[in-house]
Structures are given as structure tokens and as C-alpha cells.
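Let me begin by presenting the structure, written as C-alpha cells, before commenting on it.
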Amino acid sequence: MAKVLSLWVLNVLNGSATTRKSMASGCLRWPTSLARRTLGAMCRFLAYRGDPIYLEDLVCRPKHSLVRQSLRAEEAKMVTNGDGFGVGWYGDRDTPGVYRQVTPAWSDENLRALAAHVRSHLFFAHVRAATGGGIALSNCHPFATSTFLFMHNGQVGGFGLVRRQLEAQLPDTLWHQRRGATDSELLFLLIVERIVNGFGPVEAVSQVLGEVRTLMREAQIPDPLRFSAALADGDDVFAFRWASDDRPPTLYHHRADYGQMVASEPLEGDPEGWTALNPGAALCLHADGRTTEHPINVA
């Protein structure tokens, strides 16, 4: 599949007559053999907390950077994550900045230019392989509201059967923030609702996952609920790895001299120095450099 994909990408980059015609008509499509394999595909992401660094130091420069993973991931069901990307960062203001596009990360020159100039102590980056909700800017991660940033890799099995009930739980204050059609954005807003009502991030996530799982059981949905995600509040980063079938998407932690990060795959292509998060656990990267682990208690 990687060979087929590489040939197709070369066609796009070299601008063959067929490809140019398809692009001009807005009908450019993945090869059929690849499109069939996107079912159940998974995204890739990274979150960083530490000394201020340029986004390019982690998003673009590493041997197995997130930009490279957008074209050739190694630990995902789908090697290509070309259905959009996004970066989010915190600067001098409490609210985060966000840049998202529906184009593949590997082909976006604006991303490289931005990453070379934006410097932050806390940032997120995400490349998407769409499993639902369609390819649209409003469906690209990370999602932001107030001081919070969120990104997700996973799935709510049978989402269409429980979507209406879950959306009905959103209060009016957060309903207008629902801009896309993904399960990820909805989970984020439900989690934020609980945080603003006094629950800690880990407890909020545990509650939301428990409620989603209950609705899935009532709807007799056999597919799993999988949740690998990162949440930031402007100070700390919380990483989560959980699944109802005990097969959560990959997520690793790495500590360097300048800071620490979590990522779907090791950025150097070498697992040395990277530790997989325990299934069913949440890891907090604190502003003071500490790291604490907490259980995700899903009822």
C-alpha cells in the first residue's frame, strides 16, 4: 500500500495531466485501493509542555515528525493521515491560537512557515484520517473553547445512533461552540461542561466516557469506544489512553532536557526514551515539570 500511495503522491506533486485536471475540477480522489482501507483509520498527534521552543522543532524537523507521519505513519491502521491537520498553541494570552486546514500537512507551505516562527511553551499538533464527519475545516483538530485545547484519536462506535442523545446534553452556553460533526468535538464540549462545573479533567473525562458507554450499551452497539486524547487548560497538559475493548490507540510519553511531550508515535522513529502510556490511565504534564499518573475510572 505504501508503494501505491507514494506513486499517487508523486503524481500530485509532479502535477500529471490527469491529476491537474482532477484538481481543477475539484474531483481529486484517493486511489480506490487506499480509500477502501481508510475504514477504521486513526489520526496522529503530539502535545508539548516545557521551555518555549519553535513548533518546527517537533512538528517538522524530527526524523519521524508529525508532518512525516501525515504521509507515512508506522503504528496506525492507515499509514496516511491526509484529511486535514491543525496546530494549537498558547502565547501571552489566556486563550490559545489555532491554525487548521483540510489539506494534507505534508503539502502545506503555510504550516512550515508558521512553525518556523511560532514559539510556545505549550502546543498541540494533529494530523487527521477521517473516520466520520467528513473532510471539513470544522472537523479538524485541535478544538478550542475558552482556555481549553483538545485533540483526539479514536472512535465512538455507532456514533450516529447516540449522537442526538449526546448533543442534547450540551448546555446552551456550549451548544454554539459545536461547529463540526465529529464525535471528537462533541466529547470535548461535554468534558469542558463538566470541568466548568467543578470537576477535574480526569474525573470529567471518566464521567463522559461512562455516559457514552452506557448509551452505546443501551443502543446495543457492538463496536468499541476508543479514546486516546490530549487536553490542555493553558497550564497543564492531560493525556488519556482508554478503550472499552482494552485496545486503545497508541500513545507515548517522552521527557527531554527542555520539556516533555506525548505523541501517538515516537518522533525519532526509535522507541528508546519513549514510554507507552498504560491503558486506562491519564498522564498529567504539570507546568512545574512534574508528571503524575491517574486512573481513568469509567463506570
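The values are calculated or read from the model by the stated rules, or taken from the named source; none is laboratory data. The shown structure was predicted, so the numbers you read here are calculated from the model rather than taken from an experiment. Every residue, glycine among them, receives a Cβ derived from its backbone with ideal geometry; neighbour counts consider all protein chains shown.
Considering (1) more than 23 Å from Val87 (Cβ to Cβ); (2) in a helix (DSSP H, G or I), the lone condition that Leu186 does not fulfil carries the number (1). Evaluate segment 235-256: report whether one residue or more is among the basic types (Lys, Arg) and surrounded by 14 or more Cβ atoms within 10 Å (Cβ to Cβ). Within segment 235-256 (the criterion being among the basic types (Lys, Arg) and surrounded by 14 or more Cβ atoms within 10 Å (Cβ to Cβ)), the answer is yes, since at least one residue qualifies. Starting from residues that are of a type in the set (A, V, I, L, M, F, W, C), assigned to a helix (DSSP H, G or I) and in contact with a helix residue (DSSP H, G or I) (Cβ under 7 Å, 6 or more places away or on another chain), keep the ones in segment 166-183 and report whichever is farthest from Leu225 (Cα to Cα). Ranking the candidates gives Leu174 first. Applying the criterion of being out of contact with any strand residue (DSSP E or B) (no Cβ under 7 Å at 6 or more places or on another chain) and without any contact (Cβ under 8 Å) to a residue 60 or more places away in the chain to the residues of segment 287-299, the residue that is farthest from Phe240 (Cα to Cα) is Asp288.
For beta carbons closer than 6 Å, sequence separation of 6+ or different chains, a first residue in segment 194-216 that is within 17 Å of Cys284 (Cβ to Cβ) and a second that is surrounded by fewer than 17 Cβ atoms within 10 Å (Cβ to Cβ) and polar (S, T, N, Q), the qualifying pairs are Ser206/Asn297.
Taking the criterion of being in a helix (DSSP H, G or I) and either of a type in the set (Lys, Arg) or farther than 16 Å from Trp242 by Cα (or both), the residues of segment 189-212 that qualify are Leu189, Leu190, Val192, Glu193, Arg194, Ile195, Val196. Step by step: first the residues of segment 119-135, then only those that are surrounded by fewer than 19 Cβ atoms within 10 Å (Cβ to Cβ) and modelled with pLDDT of 80 or more, then the one that is farthest from Gly157 (Cα to Cα). Which residue is that? Taking the candidates together, the pick is Arg119. Here segment 82-121 is the region considered, the condition is being in contact (Cβ under 8 Å) with a residue 40 or more places away in the chain, aliphatic (A, V, I, L, M) and part of a loop (DSSP other than H, G, I, E, B), and the residue that is farthest from Arg49 (Cα to Cα) is Ala116.
Does Pro142 satisfy the condition of being in contact with a helix residue (DSSP H, G or I) (Cβ under 7 Å, 6 or more places away or on another chain) and of a type outside the set (Phe, Trp, Tyr)? Against the criterion (in contact with a helix residue (DSSP H, G or I) (Cβ under 7 Å, 6 or more places away or on another chain) and of a type outside the set (Phe, Trp, Tyr)), Pro142 does not qualify. Taken residue by residue, segment 255-265 has at least one member that is free of Cβ contacts under 8 Å to residues at least 12 places away in the same chain and not hydrophobic (A, V, I, L, M, F, W, C).
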